[in-house]
Every structure is written in C-alpha cells, then in structure tokens.
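The structure under discussion appears below in the form of structure tokens.
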Number of protein chains: 2
Amino acid sequence: MKLSQGVEWGLHCVVLLAQDPDGAPVSRRTLAQQFALPETYLAKHLQALVRSGVLQATSGPKGGFRLARPPEEITALDVLEAIEGSASPFVCQEIRQRGTGGVPPEECRLPCTVSSVMAAAHEAWRASLRGVTVAEIRERLPKNVRERDVRATAPG
Amino acid sequence: MKLSQGVEWGLHCVVLLAQDPDGAPVSRRTLAQQFALPETYLAKHLQALVRSGVLQATSGPKGGFRLARPPEEITALDVLEAIEGSASPFVCQEIRQRGTGGVPPEECRLPCTVSSVMAAAHEAWRASLRGVTVAEIRERLPKNVRERDVRATAPG
DNA sequence: GCCGCGCTACTCGGATAAGCCATGTCCGAGTTGAGTTGG
DNA sequence: CCAACTCAACTCGGACATGGCTTATCCGAGTAGCGCGGC
C-alpha cells in the first residue's frame, strides 16, 4: 500500500493557501517554486482539488488558486480524497463465493466478515483525517514555517 | 491508494486455518482450490506470512501450512503487514526544506505537521486492525462459511 | 515376519516475465491586463 | 484628456510518454511417506 506523494504536495499547498484565505490567488508556478516541485505535475493534483471543490482556480494574469471554502471547513480528508480518490483501499473480491464449496450468492447478502473488518479500519482512518481541519493544521505550524507561507502568499 | 488483493487472500486463508489450529497442515494447493485462486501466486503471499511468523510451513507429502500461534494471538494487522509490509503509506519527503524559503534542517528536528496528521491517521487504522484477532473473525463467521472451512481443513 | 534402503511423489522456496497505474511532460484554449491610437 | 481597441503574456486544462510495483508464472531444492528387497 502506497499513498501518492501528491497528497503531501496538496496538503502543503492547501495549508499555504490557508495563510491568506481572502488574498490574491497564488499561481501554480509560485506554489511549485515554493516547494521545488515539478510545476506541471503539481498542476495535475491542483486540478483534482478544483474538481472536488476544495480549491478555486482563476485564469489569466494575476490568476491562480485559492481556497473555495474557509479553512475551518476543509478537512484533511477532503484534500486526501480529492487527490487519491474516495475508493476504499480494500476491495472485496467475494472469494467466498468461488472455488470448492463456494457459498451461493443468495447467502451473501451481508458483506463478508473480512471485508467488514477492513471497512472498519478504513473508517477509523477516515475519521481521524476528518477530525483535523486545515485551519487546525495552520495553527499548529511552527512560527518559521508560518512566516514562510505568509511570505509566499504575498504578491511579488 | 490501493491495497494488494493478497491481503484478502491471506486473511481468508488464515481464518480458514484457524478453524483447525492443531490439525494437519493444509497445502497451498488445497487453499488455492478452496477459493479458486492462482496457486503459485497465492504461494508468494503465504511465504510472506511464514517469514513474518504468522504461519508455519511443512515440506513433503502431508505438508502444508498451519498457524504458528493460537488464533487468539494473531491480529488482522499481523496478517496485513506481513503481506503488505509495515511501511507507512505516507512517506514525508520533507518538502518544507526545499524550494524558495526552505526551512533549514536544524529547525526540522520535529516531524512536520502534515506528516503528524497522516501518522495519526495511520495509527488509528493500525489500532483498528490490531483490535481484531483471527479468533474473533472466526467466531463472527456465518454458520455456512464455518462449515465450509471445517470441511476444507479435513484431510482428503 | 521384520528391518533397512531407495524411490517417488508431493511439498515449499526463490528467481524470472507481462500489465497497469503513478509519475512526469507537453502543448493548446481562455482570459485579463496593459499599451496604443483615435476622437 | 478619455475611451475603445488590439495585442501580448500569463494563467489553467486536458492529452501524451515513461518507470516501478503488483500481478502472474515457472522451475529447482528438500522432505516424508511408501514400496521393495534382503535377512
């Protein structure tokens, strides 16, 4: 199991944008240079965040990205599932129905026990991420990082 | 993020073996036929379970796999990390140190906030899986599945 | 009848090829701002 | 001096190559049971 590194990029970018919610949009070039990331590939993930309604994009000069909602209403889970997708990492293949002595479909209305255990773990994971907002992350940042982010959101 | 389907296979096989902890070993062929899985590929995952000390393998005729510990002492997390590896799905690339205004390394002793949030979620996930033993899964199985498993562990 | 030996068949284990998704990149469409020119 | 037009540069957005990991497979090493032959 491996998480796309775009998740890290997206979280850092969203937190950075949260430093200045009502300010001017920040271009993807600025964001990429801020973390020394490949600009065009970062753009791919930013697009995903726009599609999910986390970010809002503006075209043209002085354009860029800004938060679509107040940072208090954006959870880490929102960012993660925007980039990584909301599908469960565990997909039950219903192997209980296959092979020797397979269980007939009419007895498989309820999800299999193994699947339930995995689903519970996934939900615990989601709940943990849902309980943290971007605003909270912003407030937990050390002073130096915060100053750096503010500097990045400043135009020029 | 996608979880290897070997996890599902491994869990089902371990639960099946838990139906008869002190019985004769079950060969990988029997296990594969039981769920209609590719035998040699299933073997790869079973090997991983042996390496992690979850299963115990026996060679020769009448050989096969059996649990290395009582099912009460095997958690879903043990099985999962044996197959999937125990590495965290989120690997912090320390991008805060890179790019314009990168934070110097001496100020990065503590893990970055984003990384901490992800680590907490991962720990919640692990805790959920650690709280479920194979014995508990076995007891939650419907009657028909349980009978099917017992039949599979019976020699012949 | 009993013991020892060899064989066979079955088991696991590691090394070896394809397929798919994450990664990385490029170019095109759209939009806004500034500069210029005419009134 | 003001307004409208043109241009140009900058932005995002979607379509196109590449690499690594999951998937899938094969063959070899080892072992235990079974049959056979000798005593």
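What is the number of the single condition among (1) in contact (Cβ under 8 Å) with a residue 24 or more places away in the chain; (2) near DNA strand C (Cβ under 8 Å from one of its atoms); (3) in contact with a helix residue (DSSP H, G or I) (Cβ under 7 Å, 6 or more places away or on another chain) that A:Ser52 does not meet?
Just one mismatch for A:Ser52, condition (2).
Could you grab the pairs with beta carbons closer than 8 Å, sequence gap of 6+ or different chains, first residue in segment A:103-115 and in contact (Cβ under 8 Å) with a residue 12 or more places away in the chain and more than 9 Å from chain B (Cβ to nearest Cβ), second one of a type in the set (A, V, I, L, M) and in a helix (DSSP H, G or I)?
A:Pro111/A:Ala119
Considering only segment B:19-50, state which residues are more than 18 Å from the chain's Cα centre (by Cα), away from DNA strand D (no atom under 11 Å from the Cβ) and either over 23 Å from A:Val103 (Cα atoms) or among the charged types (D, E, K, R) (or both).
Matches in segment B:19-50: B:Asp20, B:Asp22, B:Gly23, B:Arg29.
Suppose we filter segment A:33-46 for residues that are buried (at least 21 other Cβ atoms within 10 Å of the Cβ) and over 22 Å from A:Asp78 (Cβ atoms); how many remain?
Total satisfying the criteria: 0.
Kindly list, by first and then second residue, each pair from a residue in segment B:11-38 that is without any contact (Cβ under 8 Å) to a residue 60 or more places away in the chain and within 15 Å of DNA strand C (Cβ to nearest atom) to a residue that is assigned to a loop (DSSP other than H, G, I, E, B) and of a type in the set (Lys, Arg), limited to pairs with Cβ atoms under 7 Å and residues at least 6 apart or on different chains.
B:Phe35/A:Arg98
Being over 23 Å from A:Ile137 (Cα atoms) and either small (Gly, Ala, Ser) or assigned to a helix (DSSP H, G or I) (or both) is the filter here, so list the residues in segment A:27-73 that pass it.
A:Arg29, A:Glu39, A:Thr40, A:Tyr41, A:Lys44, A:Ser59, A:Gly60, A:Gly63
Need pairs with beta-carbon distance below 6 Å; first residue within 14 Å of chain B (Cβ to nearest Cβ) and within segment A:59-79, second within 16 Å of DNA strand D (Cβ to nearest atom) and not aliphatic (A, V, I, L, M); sequence gap 6+ or separate chains.
So the pair list comes out as A:Val79/A:Gly10.
Which one is nearest to DNA strand C (Cβ to nearest atom) among residues in segment A:1-10 that are in contact (Cβ under 8 Å) with a residue 24 or more places away in the chain and not in a helix (DSSP H, G or I)?
Quick first cut of segment A:1-10, residues in contact (Cβ under 8 Å) with a residue 24 or more places away in the chain only: A:1, A:3-4, A:6-7, A:9-10.
Pick out the ones that are also not in a helix (DSSP H, G or I) and you get A:1, A:3-4.
Values: A:Met1: 11, A:Leu3: 8, A:Ser4: 3 Å.
Only one residue tops the list, namely A:Ser4.
Let's see how each residue does on (1) aliphatic (A, V, I, L, M); (2) touching a Gly at 6+ places or on another chain (Cβ under 7 Å):
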site	(1), (2)
B:Ala48	yes, no
B:Lys62	no, no
B:Arg69	no, no
B:Glu72	no, no
B:Thr75	no, no
B:Ile83	yes, yes
B:Ser86	no, no
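Could you tell me which of the residues B:Ser86, B:Ser27, B:Ser115, B:Ser52 is open to solvent by 70 Å² or more (accessible area, probe 1.4 Å) and among the hydroxyl-bearing types (Ser, Thr, Tyr)?
B:Ser86
Out of curiosity, is B:Glu106 surrounded by 15 or more Cβ atoms within 10 Å (Cβ to Cβ) and part of a helix (DSSP H, G or I)?
Criteria not met by B:Glu106.
Only residues that are part of a helix (DSSP H, G or I) and either buried (at least 19 other Cβ atoms within 10 Å of the Cβ) or in contact with a His (Cβ under 7 Å, 6 or more places away or on another chain) (or both): list them for segment B:125-153, please.
B:Trp125, B:Arg126, B:Ser128, B:Leu129, B:Val134, B:Ile137, B:Arg138, B:Val145, B:Arg148, B:Asp149, B:Ala152, B:Thr153, listed by residue number.
The values are calculated or read from the model by the stated rules, or taken from the named source; none is laboratory data. Quantities reported herein were computed from a predicted structural model and do not represent experimental measurements. Counting neighbours? That spans all protein chains shown, and the Cβs are built from the backbone with ideal geometry, glycine included. SASA here: full protein model, heavy atoms, side chains in, ligands and nucleic acids out. Shrake-Rupley method; radii C 1.70, N 1.55, O 1.52, S 1.80 Å.
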